[in-house]
Amino acid sequence: MSKHALVSFTGNTKIHTEIALTGSKSECNRALIISAASKGTVKVDNMSIAADSVTLDRILKQISSTAPHQQTVDVGPAGTAMRFLTAYLPTLPGNFLLTGTERMKQRPIGILAEALKTIGAEISYAEKEGFPPLSITGPLPQSKGTVKIKGDISSQYISALLMIAPTLEQGLTLQIEGELTSLPYVNMTLNMLEEAGISHNWDGNNISIKPQPFKAATLVVEPDWSAASYWYSIACLANEAEISLPYLKEQSLQGDSRIRSIMTAFGVQTATTATGITLSSSTTDFTDAILDLKDCPDLAQTIIVCAAALKKNLSFTGLETLKIKETDRIKALQNELAKIGVTLTEDNLVYTLNCDGLHFPDRVTFGTYEDHRMAMAFAPLSLLIKEVVLEEMDVVEKSYPDFWKDLSKAGFTVAAI
Ligand SMILES: O=C(O)C1=C[C@@H](OP(=O)(O)O)[C@@H](O)[C@H](O)C1
Ligand SMILES: C=C(OP(=O)(O)O)C(=O)O
């Protein structure tokens, strides 16, 4: 249990700052797995300091330097590490117990594990059927070159399979069933594989990758657009803002760069500069009544909390996957928004905010549910509420360890209590 963060902003909320964001954990964790699958032919540049990436890097180094006997591999709360290693470990010689936090043991892995079993992987569930921890014995003798996989639960299962595909004797054709969720993350995987010399063929619901060698390449990890979203929220809620985010590019592999266009409607302008981007606040009266977030689930909390603070009764679709992330993010949002008089209700998979009762008490304590994005999405409310307490401040380490330091740099007062 870590301390809580007490965040406040005294005086007029004018924010002029430059924030150097760490690398995207999504890009970094792909780069690390691709590098490992290529046996070092592919290098990684600008490693992210996100705990999920540091953990995966450490695990991959440990595995490559350890003899093939039973090893416990603990990913903690890192979803991508769990999913990517579920596919990668069966390609290595050895016996592995792949595990994570108590929450990780509630995040489904059966869809990916069963798909891998159909092509010859030896995987069993060490505790509960369909969930981590997994017992994995490799290397797999590949029995089949085609695999069916559901696309509507987590795109990470698909990315995981794509990254091992070129190393498999028969390559791999994925037959994706159901509508693909989080699509930009699959494109990110394919693009990064392409940078590493791996071609694919995407035809309807099938993605095929033939067995092929990686080429010498360096994958450069770009700053994290999901982390940038909290600065958009801050720019939106401040009286005045000019926030520079160096090295962020509009053309990004990260689908969360969509925050830029969404926030234009919320009154945040983005200018491209020689060094990156600069956000500034202006006023708009937006009318967009319904937003689909299926392609960018990690932006959901930022946008929903910001819309609530602006007293906009917006509706949202594409939130189905939020229940199986670091926490049930729908429940967590409902509980915490209630503290400022806002409700979030569902009808037929459409979620709608009702902000008619919005109020800002002098001090509010928001629970964070072991979810970095709960802490970071609610912290900007300290521009409107005198004292905001975010429980368990270390939770931000997962993707954005410098978050509190960066808030201080921008003029917020942050105390560990
Ligand atoms: O592939 C990735 O890097 C990610 C994919 C998304 O998950 P789902 O595909 O499970 O929605 C996203 O929420 C997660 O933070 C990172
Ligand atoms: C869902 C997330 O991460 P993961 O699934 O990789 O744990 C996230 O970072 O919001």
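Taken over the stretch 175-197, the criterion of being among the charged types (D, E, K, R) and either within 14 Å of Gln156 (Cβ to Cβ) or within 13 Å of ligand 1 (Cβ to nearest atom) (or both) is satisfied by Glu179 alone.
Among all positions in the stretch 271-282, there is no residue which is under 19 Å from Ser53 (Cβ atoms) and touching a Pro at 6+ places or on another chain (Cβ under 9 Å). Name the one entry in Tyr232, Tyr185, Tyr157 that is surrounded by 16 or more Cβ atoms within 10 Å (Cβ to Cβ), out of contact with any Gly (no Cβ under 9 Å at 6 or more places or on another chain) and not acidic (Asp, Glu). Of Tyr232, Tyr185, Tyr157, the one residue that is surrounded by 16 or more Cβ atoms within 10 Å (Cβ to Cβ), out of contact with any Gly (no Cβ under 9 Å at 6 or more places or on another chain) and not acidic (Asp, Glu) is Tyr232.
Filter the stretch 210-254 for residues that are polar (S, T, N, Q) and farther than 15 Å from Asn191 by Cβ and give the result. Outline the logic, then answer.
Step one: filter the stretch 210-254 for residues polar (S, T, N, Q), giving 212, 218, 226, 229, 233, 239, 244, 251-252, 254.
Those that are polar (S, T, N, Q) and farther than 15 Å from Asn191 by Cβ: Gln212, Ser226, Ser229, Ser233, Asn239, Ser244.
For Phe84, the requirement of being among the aromatic types (Phe, Trp, Tyr) and under 21 Å from Val54 (Cβ atoms) is met.
Here are some residues: Val305, Val342, Val350. Which one is in contact with a Ser or Thr (Cβ under 6 Å, 6 or more places away or on another chain) and either among the aliphatic types (A, V, I, L, M) or under 26 Å from Thr13 (Cα atoms) (or both)?
Values: Val305 fails: in contact with a Ser or Thr (Cβ under 6 Å, 6 or more places away or on another chain); Val342 fails: in contact with a Ser or Thr (Cβ under 6 Å, 6 or more places away or on another chain).
It is Val350.
Residue by residue through the stretch 311-328, note down the ones that are hydrophobic (A, V, I, L, M, F, W, C) and surrounded by 18 or more Cβ atoms within 10 Å (Cβ to Cβ).
Restricting attention to the stretch 311-328, the residues satisfying the condition of being hydrophobic (A, V, I, L, M, F, W, C) are 314, 316, 319, 322, 324.
If the condition is that a residue be hydrophobic (A, V, I, L, M, F, W, C) and surrounded by 18 or more Cβ atoms within 10 Å (Cβ to Cβ), then Leu314, Phe316, Leu319, Leu322 are the ones that fit.
Of the helices (runs of 4 or more DSSP H) entirely within the stretch 66-166, those holding at least 3 residues that are more than 15 Å from ligand 1 (Cβ to nearest atom) occupy 110-118.
Kindly establish whether Asp292 is among the charged types (D, E, K, R), outside the structural domain of Ala31 (by TED's automatic domain parsing), within 16 Å of ligand 1 (Cβ to nearest atom) and surrounded by fewer than 17 Cβ atoms within 10 Å (Cβ to Cβ).
Values: among the charged types (D, E, K, R): yes; outside the structural domain of Ala31 (by TED's automatic domain parsing): yes; within 16 Å of ligand 1 (Cβ to nearest atom): yes; surrounded by fewer than 17 Cβ atoms within 10 Å (Cβ to Cβ): yes.
So Asp292 passes the test.
Out of (1) of a type outside the set (S, T, N, Q); (2) closer than 24 Å to Lys43 by Cα; (3) within 16 Å of ligand 1 (Cβ to nearest atom), what's the single condition that is false for Tyr247? Among (1) of a type outside the set (S, T, N, Q); (2) closer than 24 Å to Lys43 by Cα; (3) within 16 Å of ligand 1 (Cβ to nearest atom), Tyr247 violates only (3). Of everything in the stretch 342-376 that is crowded, with 20+ Cβ neighbours inside 10 Å and of a type in the set (Ser, Thr, Tyr), the residue that is farthest from Asp394 (Cα to Cα) is Tyr351. When the stretch 34-53 is limited to residues that are within 16 Å of ligand 2 (Cβ to nearest atom) and assigned to a helix (DSSP H, G or I), the one that is surrounded by the fewest Cβ atoms within 10 Å (Cβ to Cβ) turns out to be Ala51.
Residues in the stretch 307-352 that are away from ligand 1 (no atom under 15 Å from the Cβ) and of a type in the set (Val, Ile, Thr): Ile340, Val342, Thr343, Thr345, Val350, Thr352.
Condition check ((1) over 20 Å from Ala238 (Cα atoms); (2) assigned by TED's automatic domain parsing to the domain that holds Leu279; (3) in contact (Cβ under 8 Å) with a residue 60 or more places away in the chain) across all residues:
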position	(1), (2), (3)
Thr10	no, yes, yes
Ile15	no, yes, yes
Glu18	no, yes, yes
Ala31	yes, no, yes
Ile34	yes, no, yes
Gly40	yes, no, no
Val44	yes, no, yes
Ser48	yes, no, yes
Asp52	yes, no, yes
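Looking at the stretch 153-194 only, could you name the residues that are polar (S, T, N, Q) and either in the same structural domain as Ser257 (by TED's automatic domain parsing) or within 16 Å of ligand 2 (Cβ to nearest atom) (or both)? Selection gives Ser154, Ser155, Gln156, Ser159, Thr181, Ser182, Thr189.
The values are calculated or read from the model by the stated rules, or taken from the named source; none is laboratory data. From a predicted model like this one, the values you see are computed outputs, not experimental measurements. Neighbour counts run over all protein chains shown; Cβ positions are idealised from the backbone, glycine included.
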